[in-house]
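The values are calculated or read from the model by the stated rules, or taken from the named source; none is laboratory data. The structure presented is a predicted model; accordingly, all values stated were derived computationally and were not measured. Quick reminder, even Gly has a Cβ in these numbers, built from the backbone with ideal geometry, and neighbours come from all protein chains shown. Heads up: the accessible areas ignore ligands, DNA and RNA and are worked out on the full protein's heavy atoms, side chains in. Shrake-Rupley method; radii C 1.70, N 1.55, O 1.52, S 1.80 Å.
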Amino acid sequence: MKKKAIIFDLDNTIYPVSAIATELFASLFRLLEESGELTKNLDEVKQNLMRRPFQLVAADFGFSENLAQKGTDLLANLRYEGPIAPFSDYAETRMLPVEKFLVTTGFLALQQSKVEGMGIEKDFREIHIVDLTKATKKKVFTDIMDRHGFQRAEVLVVGDDPESELKAAVELGIDAVLYDKINLHPEQTSFPRIIDFGDLRAFVL
């Protein structure tokens, strides 16, 4: 069935987090360093924070309640004020004849500032910033389909994380494509894998 809508992830899908991470996370990384809790795996934690929501990383690496709360408070008020360049092939998505939705997990002000920094607001029919304490990507995907009358076969989910948006898509019976521009999952075989948005045409048209 021809696709009518694509749901995109944001971080490491529309743009590379690594391009802004040093500046963006400077205060957070300093907090983690000064806490003294993560001396053995600090580098691994930093790498995870560039790919996954803070709350999940904090839980997986056993942050103390105090450190997790300080990190949450810091990120809740954080914005990125500079321009952000999307991936070079992002322009290909604008030529796809389907409705486009952006669904990202994170802190509202921070995620909004990224969207504004790229100037991509008009590229999407809707933009959803998911607060993990209140909802999930899976719930938002379902809501989008219900409100717009899309059948599952008419929707495609595109993202960089097999354990987040792509997993949610599979659980809902939606086709999903792994966009792996920065080569995080070279051996992944559970999903069709692309490294250029131009290749999405084959899944849509």
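Cross-link partners of LYS134 among lysines, defined as those whose alpha carbon lies under 27 angstrom from its own and excluding same-chain residues fewer than eight positions apart: LYS46, LYS70, LYS100, LYS114, LYS122, LYS167. Between the residues THR136, PRO83, VAL103, the greatest Cα displacement towards the positive end of the dipole of the range 74-139, with unit charges on the Cβ of Lys, Arg, Asp and Glu, is found for THR136. Entry note, the chain: relative contact order of 28 percent, from Cα contacts under 8 Å with a spacing of 6+ residues. Which of rounded, prolate, oblate describes the range 151-205, given a ≥ b ≥ c as roots of the alpha-carbon gyration tensor eigenvalues and a/c under 1.5 marking rounded, otherwise prolate only if a/b is larger than b/c? Here the range 151-205 falls in the oblate category.
With +1 on each Lys and Arg Cβ and -1 on each Asp and Glu Cβ, and nothing else charged, work out how big the dipole of the range 79-205 is about its Cα centre, in Debye to the nearest 20.
Charge dipole of the range 79-205: 280 debye, to the nearest 20.
Taking a probe of 1.4 Å, how large is the accessible area per residue of the range 56-205, in Å²? In whole numbers, the range 56-205 has 50 Å² accessible per residue.
Stretched out straight at 0.36 nm per residue, the stretch from ALA76 to LYS134 would grow longer than its current Cα-Cα span by 19.4 nm.
Label zone (GLU163, point 7 Å along Cα-to-C-beta; backbone nitrogen cut-off 15 Å) within the range 59-77: 59-63.
Hey, what D do you get for the range 39-188 in µm²/s if you plug the Kirkwood alpha-carbon radius into Stokes-Einstein at 25 °C and 0.890 mPa s? Intermediate values should be presented prior to the final figure.
Details: Rh = 17.0 Å.
Answer from the Stokes-Einstein relation: 144 µm²/s.
For the range 90-153, trypsin sites (Lys or Arg not before Pro) are listed when DSSP marks them as loop and at most 15 other Cβ atoms sit within 10 Å of their Cβ; the list is ARG125, LYS134. Expressed as a whole percentage, what fraction of the accessible surface of the chain belongs to carbon and sulfur atoms when a 1.4 Å probe is rolled over the protein heavy atoms? Carbon-and-sulfur percentage of accessible area, whole number: 48.
When the charge dipole of the range 10-64 is built from unit charges on Cβ atoms (+1 for Lys and Arg, -1 for Asp and Glu) and taken about the Cα centre, the candidate among LEU42, ALA19, PHE29 whose Cα reaches farthest toward its positive end is ALA19. Checking every one of the GluC sites (Glu not before Pro) in the range 127-205 against DSSP loop status and a limit of 13 other Cβ atoms within 10 Å picks out GLU163, GLU187. Can you give the FRET efficiency for LYS2 and ALA109, using 1/(1 + (r/R0)^6), R0 = 30 Å, r = Cβ-Cβ distance, to the nearest 0.05? According to the calculation, E is roughly 0.20. Dipole check for the range 136-205: with +1 at the C-beta of Lys and Arg, -1 at the C-beta of Asp and Glu, and the Cα centre as origin, the magnitude is about 200 Debye. Here each label is just a point 7 Å from Cα along the line to Cβ, and for SER64 and HIS148 those points are 4.6 nm apart.
Would you mind getting me the FRET efficiency between ASP89 and LYS40? Use the beta-carbon distance for r and R0 = 45 Å, nearest 0.05.
E between ASP89 and LYS40, to the nearest 0.05, is 0.75.
Cα centroids of the range 91-153 and the range 48-68: 23 Å apart.
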